Amino acid sequence: LAQQRLLIKGGKVVNDDLSVEADVYVEDGVVQQVGPNLNPEPLTGLTVLDAANRLVIPGGIDTHTHMQFPFMGSRSKDDFYSGTKAAVAGGTTMIIDFAIPHKGCSLIEAFDTWKSWADPKVCCDYSLHVAVTWWSNKVKEEMKTLVQNKGVNSFKMFMAYKDIYMLNDEELYEAFCCCKELGAVAQVHAENGELIAQGAKKMLAMGITGPEGHALSRPEEVEAEATQRAISIANAVNCPLFVVHVMSKSAGKLISSARREGKVVYGEPIAASLGTDGTNYWNEDWAHAAAYVMGPPLRPDPSTPGFLMNLLANDDLSVTGTDNCTFDTCQKAQGKDDFTKIPNGVNGVEDRMSVIWEKGVHSGKMDENRFVAVTSTNAAKIFNLYPKKGRIAVGSDADIVIWDPKASRTISAKTHHQANNFNIFEGMVCHGVPVATVSRGKVVYEGGAFSVTAGDGKYVSRPPFPPYVYERIRQREQVCQPVPVKRAPYAGMVSET
């Protein structure tokens, strides 16, 4: 059971819009009071956490995970228990995973399957995006059911993984139209699947079978082209667009330009694209190189992470996820002779908050308030969870992290809590460490010790038409529609040929 009463004393409460020295009082999983020198009575049964000289921030929301995902002949190592346990150790108190049906299969059945995997295991709250991997009237009806009855308000379309998940432009247009009609956010994996298929054939024909072939077969322009195409289609429909795992400078620039033109587009760089780069694909140790294989790939230009962090710090990019999809070395080795068979995926759910603090706040690129915005608040607003999530205020869920900005830790597979035998951030020193994590009013992690129970987390429904996203969409629908020119009928001659 959640601890009934909790007092967090002496810290600095940091929201996306301001920071203030204040105590936080929690009862039955909900914030009841925020203010100086709180003294709730009675003291019996009250748990007190000391936050002196520390920050008190909303728990992180990871917008992009794949727990126990059956993919490329394997299943990702982190299930909903180990994955969410690792998440709370890193200061994340909610994940949004993806239910992904095979082509021709039911979206509702996929949703029910993923939910049945998650419900008995999650240690923190979660929600589900649903992927649209094919198109028909049945899919359209199921999307409607998911929005109206299952609390889904986001759908992901793949522009890559030809013959497995990929949609063509006509199908994307139809899916975007349906999202807009239902008040959902359209998400895209933006890579040109046709070019990837041809690039992979070309690399293998040249005898390039190692992990570097993965990066060479899907270069940066393949991501940029699909990003621009998705933006164009979404804009034609007047549908909000969320570009997942932004991996390259060129894709980041396109999203930034679209936002500055007033388009309703959000970009999600991930811990991996902000914290490491694709030079690792050329490492002479095959296992090391394969560890970094993900789609889209990390970019070999080592200035990419800093460039993406600059965009994130200045609101050109909006939120951060991880695309956490862990496969161990033995699983990756299915592709030891052919890079197209290396299961795509990296870790990140445990280290995202620290990586972003290190590369963003400690480096001087963003302040503590922007950190909260990109790790929780913006996600909560985009996916209609705000202010229950992503904020510390009276009435908000008590998903809270006590954060020590002066402490540091070194990331290592030897000490992480993820179910994997390597970590792509191995050896990175991060300033900024979660000291305690509170989920639904319960202290689930403190001083390196867990107090988690499988199934304690809850599925969170997300209503359609998030105001943060749809207010502009609705206004454009009213005032930006083309109208015919009023003119007198043509009365002249008409050629008969």
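Over the stretch 175-237, what is the relative contact order in percent, taking alpha-carbon pairs closer than 8 angstrom and at least six residues apart? Intermediate values should be presented prior to the final figure.
Working: 42 pairs, mean separation 26.9, N = 63.
Contact order relative to length: 43 percent.
Cα centroids of the stretch 133-198 and the stretch 1-73: how far apart, whole angstrom?
For the stretch 133-198 versus the stretch 1-73, the Cα centre distance is 36 Å.
May I ask you to give the percent of accessible area on the stretch 239-350 that is carbon plus sulfur, with a probe radius of 1.4 Å? Let's see the in-between values first.
Working: 1500 of 3060 Å².
Carbon and sulfur atoms account for 49 percent of the accessible area of the stretch 239-350.
What number in nm² do you get for the stretch 77-116 if you take the convex hull of its Cα atoms and divide its surface by four?
Numbers: hull surface 13.2 nm².
Result: 3.3 nm².
Which value does Rg/Rh take for the stretch 204-294 over its C-alpha atoms, Rh per Kirkwood? Could you put the intermediate results ahead of the total?
On the way: Rg = 15.6 Å, Rh = 14.6 Å.
Using Cα coordinates only, the ratio equals 1.07.
Residues of the chain: accessible area per residue at 1.4 Å, in Å²?
Working: 18980 Å² over 497 residues.
Solvent-accessible surface per residue comes out at 38 Å².
What pairs in Lys162/Lys332; Lys263/Lys365; Lys365/Lys389; Lys103/Lys180; Lys365/Lys406 have C-alpha atoms more than 19 Å from each other? Present the calculation step by step, with values, prior to reporting the outcome.
On the way: Lys162/Lys332 21 Å; Lys263/Lys365 25 Å; Lys365/Lys389 25 Å; Lys103/Lys180 22 Å; Lys365/Lys406 17 Å.
Among Lys162/Lys332; Lys263/Lys365; Lys365/Lys389; Lys103/Lys180; Lys365/Lys406, the Cα-Cα distance tops 19 Å for Lys162/Lys332; Lys263/Lys365; Lys365/Lys389; Lys103/Lys180.
Between Ile208 and Lys138, what is the spin-label point distance in nm, taking each point 7 Å from the Cα along the Cα→C-beta axis?
So the label points at Ile208 and Lys138 sit 4.1 nm apart.
Expected output is a single nm value to one decimal: the length gained when fully extending between Ser408 and Val20, i.e. 0.36 nm times separation in residues minus the C-alpha distance. What is it? Walk me through the numbers before you get to the answer.
Working: separation 388, 0.36 × 388 = 139.68 nm, distance 2.35 nm.
Value of the extension gain: 137.3 nm.
Compute the projected area of the convex hull of the Cα atoms of the stretch 352-469, averaged over all viewing directions, and report it in nm² to one decimal place. Before the final figure, lay out the partial values.
Working: hull surface 34.9 nm².
Mean projected area of the Cα convex hull: 8.7 nm².
Please give, to one decimal in nm, the separation of the simple spin-label points placed at Glu496 and Ala393, each 7 Å out from Cα toward the Cβ.
A separation of 7.3 nm, rounded to one decimal place.
Give me the angle, in degrees from 0 to 90, between the Cα long axis of helix 467-479 and the longest principal axis of the Cα atoms of the chain, rounded to the nearest 10.
Approximately 30 degrees, to the nearest ten.
Rounded to the nearest 10 degrees, what's the angle between the helix 137-149 long axis and the longest principal axis of the chain, both from Cα atoms, 0 to 90?
That helix lies at roughly 30 degrees to the long axis.
Which peptide among 261-273, 281-293 comes first, and what is the full order, when sorted by highest mean count of other Cβ atoms within 10 Å? Working shown, then result.
Values: 261-273: 23.5, 281-293: 18.7.
So the peptides 261-273, 281-293, ranked by packing, come out 261-273, 281-293.
What's the Cα-based Rg to Rh of the stretch 1-159, Rh via Kirkwood? Mind dumping the intermediate values first?
Details: Rg = 20.0 Å, Rh = 18.2 Å.
When Rh is taken as the Kirkwood radius, the ratio is 1.09.
Taking the Cα centre of each part, how many Å lie between the stretch 309-388 and the stretch 227-254?
What the calculation gives is 18 Å, centre to centre.
Against the empirical 2.2 N^0.38 Å scaling, what ratio does the C-alpha Rg of the chain come to? It would help to have the intermediate numbers written out before the result.
Working: Rg = 23.1 Å, N = 497, 2.2 N^0.38 = 23.3 Å.
For the chain, the normalised Cα radius of gyration comes out at 0.99.
Can you give the Rg and Dmax of the stretch 104-184 based on its C-alpha atoms, in angstrom?
Calculated on Cα positions, Rg and Dmax stand at 13.0, 40 Å.
By its C-alpha gyration tensor, with a ≥ b ≥ c as the square roots of the eigenvalues, how is the stretch 72-213 shaped: rounded for a/c under 1.5, else prolate for a/b larger than b/c, else oblate? Write out the running numbers ahead of the final one.
Values: a/c = 2.21, a/b = 1.17, b/c = 1.89.
Taking the square roots of the gyration eigenvalues as a ≥ b ≥ c, the stretch 72-213 is oblate.
Based on DSSP, what percent of beta bridges with both residues in the chain are antiparallel, to the nearest 5? It would help to have the intermediate numbers written out before the result.
Values: 34 of 70 bridges.
Beta bridges within the chain, antiparallel portion: roughly 50 percent.
Ignoring ligands, DNA and RNA, please state the percent of accessible area on the stretch 441-497 from carbon and sulfur, probe 1.4 Å. Don't skip to the answer; put the middle values down first.
On the way: 2460 of 4290 Å².
Here carbon and sulfur together make up 57 percent of the probe-accessible area.
What do you get for the angle between helix 220-237 and the principal long axis of the chain? Use alpha-carbon atoms, 0 to 90 degrees, nearest ten.
80 degrees
With the crude spin-label approximation of a point 7 Å out along Cα→Cβ, what separation in nm comes out for Leu46 versus Arg487?
7.7 nm
Using the Kirkwood formula on the Cα atoms of the stretch 150-255, what hydrodynamic radius do you get, in angstrom to one decimal? Show your work: numbers first, answer last.
Values: mean 1/r = 0.0693 Å⁻¹.
So the Kirkwood estimate lands at 14.4 Å.
Using only helices, what value at 222 nm comes out for the chain when you add -39,500 (n - 2.57) per DSSP H run of length 4 or more and divide by the total residues, to the nearest 500 deg cm²/dmol?
Values: 16 runs with 152 residues, N = 497.
Helices in the chain give a 222 nm mean residue ellipticity of -9000 deg cm²/dmol.
The values are calculated or read from the model by the stated rules, or taken from the named source; none is laboratory data. Owing to the predicted nature of the structure, the values given are computational and were not obtained by experimental measurement. Reconstructed Cβ throughout: ideal geometry from the backbone, glycine too, with neighbour counts over all protein chains shown. Note: areas computed on protein heavy atoms with side chains; ligands, DNA, RNA excluded. Shrake-Rupley method; radii C 1.70, N 1.55, O 1.52, S 1.80 Å.
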